[in-house]
Amino acid sequence: MTPTQDFGHKPVLLEECLEALAIRPDGIYLDGTLGRAGHSLEIVKRLTAGGRLICLDRDETAIEAAKIRLADYMDRVTLVHSNFSRVGEVLEELGLEGVDGMLFDLGVSSPQLDEAERGFSYMQDAPLDMRMDRTAALTAREVVNEWSYEELRRILFEYGEERYAPVIAKHIVRFREQQPIETTGQLTDLIKSAMPPAALREKQHPAKRSFQAIRIAVNDELGELPPMLEAAADGLRAGGRLAVISFHSLEDRIIKKTMQELATGCTCPPNFPVCVCGKTPRMKLVHRKPIVSGAAELEENPRARSAKLRVAEKL
């Protein structure tokens with residue numbers, strides 16, 4: 001999610017997103033990851049009274065904040081508290097057969113990082129939580145204290161690409177046998193104690209990869225991507241654009257693969273003489289390669305360095 005610190009900060013890849021969506025003033029658009037409403041505000045500014053913007057977020061805090069930020073345009077805005085994986089159901093509930101463009105800006109939002117009590121940050125001590133939707137059942141505390149060594153090692157390695165995953169998982173399991181791990185500060189100290197001195201001297205904070213892994217597991221961020229992308233393709237009108245920003249290589253891999261499948265159609269093995277699956281392309285790729293931030297944006301916002309924007313169009 002866009003790494004902004006205040007309402008005046010420009011959302012990541014903003015101009016590129018607006019261009020990718022090819023906004024029509026009377027069109028219907030959907031922002032599936034509202035966050036601080038930075039992208040939403042610029043989209044809705046380009047809509048006339050005949051246009052409409054649907055904004056989704058699983059975090060009720062984002063929905064409440066958007067009522068203030070988008071106050072001047074609420075006549076053409078619909079706010080929905082929902083996970084983006086439910087985009088198909090949301091459109092159905094709103095009685096919409098299709099929309100002209102969808103934007104998804106993935107990851108953790110700045111408000112979540114800024115609010116210490118949400119438990120996302122390794123820089124501030126708080127109860128272990130990390131839920132983007134605070135009505136969800138699974139918390140980081142449960143993952144850290146109840147998941148097996150194997151599961152912890154797997155998520156740290158796969159979701160965090162943490163090379164010290166086995167030793168960190170061992171330290172967590174050993175510590176929790178004596179007492180529960182309750183706070184982000186405790187977890188950060190545990191991670192540091194598991195790592196060799198050389199790793200602690202690296203530029204990147206030693207807990208960054210592990211916290212990212214646990215956050216992804218708590219919110220099932222990767223599992224929800226394929227169904228969201230499929231539903232988004234179904235929910236677009238012909239010529240409608242799908243724009244997705246990712247900040248993580250695993251996310252980008254899933255987006256790239258799913259978009260390619262939607263653009264290819266046929267899933268028959270290459271050696272089949274004729275197609276028997278009957279699947280036809282539903283999308284076309286607008287750009288073969290992802291769009292990344294330019295030098296000016298990176299200077300203003302270093303956290304945009306890992307952002308990748310992929311765009312596809314409904315056939």
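Each value in this text was obtained by applying a stated rule to the coordinates, not by laboratory testing. Note that this is a predicted model, so its numbers are computed, not measured. Positions of Cβ are backbone-derived with ideal geometry, glycine not excepted, and every protein chain shown enters the neighbour counts.
Pick out, from F247, V173, M228, the residue whose Cα sits farthest towards the positive end of the charge dipole of segment 146-249, with +1 on the Cβ of Lys and Arg and -1 on the Cβ of Asp and Glu.
Value computed over the given set: F247.
Out of I214, H39, Y164, whose Cα points farthest toward the positive end of the dipole of the chain (charges: +1 Lys, Arg; -1 Asp, Glu; placed on Cβ)?
Farthest towards the positive end: Y164.
Provide, as a two-decimal number, the C-alpha radius of gyration of the chain over 2.2 N^0.38 Å, N being how many residues it has.
1.05
If you project the alpha carbons of segment 54-191 onto their three principal axes, what span does each projection cover, largest first, in Å?
Principal-axis extents of segment 54-191 (Cα, largest first): 55, 27, 24 Å.
May I ask for the angle, rounded to the nearest 10°, between helix 60-69 and the longest principal axis of the chain, with both axes built from Cα atoms and the value confined to 0 to 90°?
50 degrees
Apply 1/(1 + (r/R0)^6) to the Cβ-Cβ distance of V292 and E158, taking R0 = 22 Å, and write down the FRET efficiency to the nearest 0.05.
0.40
Once amide H atoms are placed 1.01 Å from N in the peptide plane, what residues at a sequence separation of 5 or more from L236, or on another chain, have their amide H within under 5 Å of its amide H?
Residues meeting the amide H criterion: V99.
In deg cm²/dmol and to the nearest 500, what is the mean residue ellipticity at 222 nm of the chain if only DSSP H runs of at least 4 residues count, each as -39500 (n - 2.57), divided by the residue total?
-11500 deg cm²/dmol
Sequence gap at least 6, Cα distance under 8 Å: using those rules, report the relative contact order of the chain to the nearest whole percent.
18 percent
Calculate the length of the line joining the C-alpha centroid of segment 203-240 to that of segment 93-136, in whole Å.
11 Å
What are the trypsin sites (Lys or Arg not before Pro) within segment 206-315 that DSSP puts in a loop, where the Cβ has at most 10 other Cβ atoms within 10 Å?
Those that pass, being in a loop and sparsely packed, are R288.
5 Å is the cut-off here: which amide hydrogens, built 1.01 Å from N in the peptide plane, fall below it relative to L53, excluding neighbours closer than 5 in sequence?
Here the answer is Y29, V77, T78, since their amide H atoms fall under 5 Å of that of L53.
Provide the descending list of Cα extents for segment 12-94 along its principal axes, expressed in whole angstroms.
So the extents along the principal axes, rounded to whole Å, are 26, 25, 25.
Which whole-Hz couplings ³J(HN,Hα) result when phi for each residue of segment 302-311 is put into the Karplus expression 6.51 cos²θ - 1.76 cosθ + 1.60, θ = phi - 60°, listed in order with x for Gly and Pro?
For segment 302-311, the Karplus-derived couplings read x, 6, 7, 4, 8, 6, 10, 10, 10, 10 Hz, x marking Gly and Pro.
So, with +1 on the Cβ of K and R and -1 on the Cβ of D and E, and no other charges, what is the size of the charge dipole of segment 102-257 about its Cα centre, to the nearest 20 debye?
Roughly 540 debye, rounded to the nearest 20.
Using Cα springs under 10 Å in a Gaussian network model of the chain, which residue among Q179, Q124, Q212 shows the largest mean-square fluctuation?
Judging by the Gaussian network model, the answer is Q179.
With only alpha-carbon atoms counted, please give the Rg and Dmax of segment 121-160, in Å.
Radius of gyration, then largest Cα-Cα span, for segment 121-160: 11.2, 28 Å.
Less than 21 Å apart at the alpha-carbon level, and either on another chain or at least 8 residues along: which lysines does that give for K308?
K10, K208, K256, K257, K284, K289
With an 8 Å cut-off on Cα pairs and a minimum separation of 6 or more residues, tell me the relative contact order of segment 7-136 in percent.
Computed value for segment 7-136: 25 percent relative contact order.
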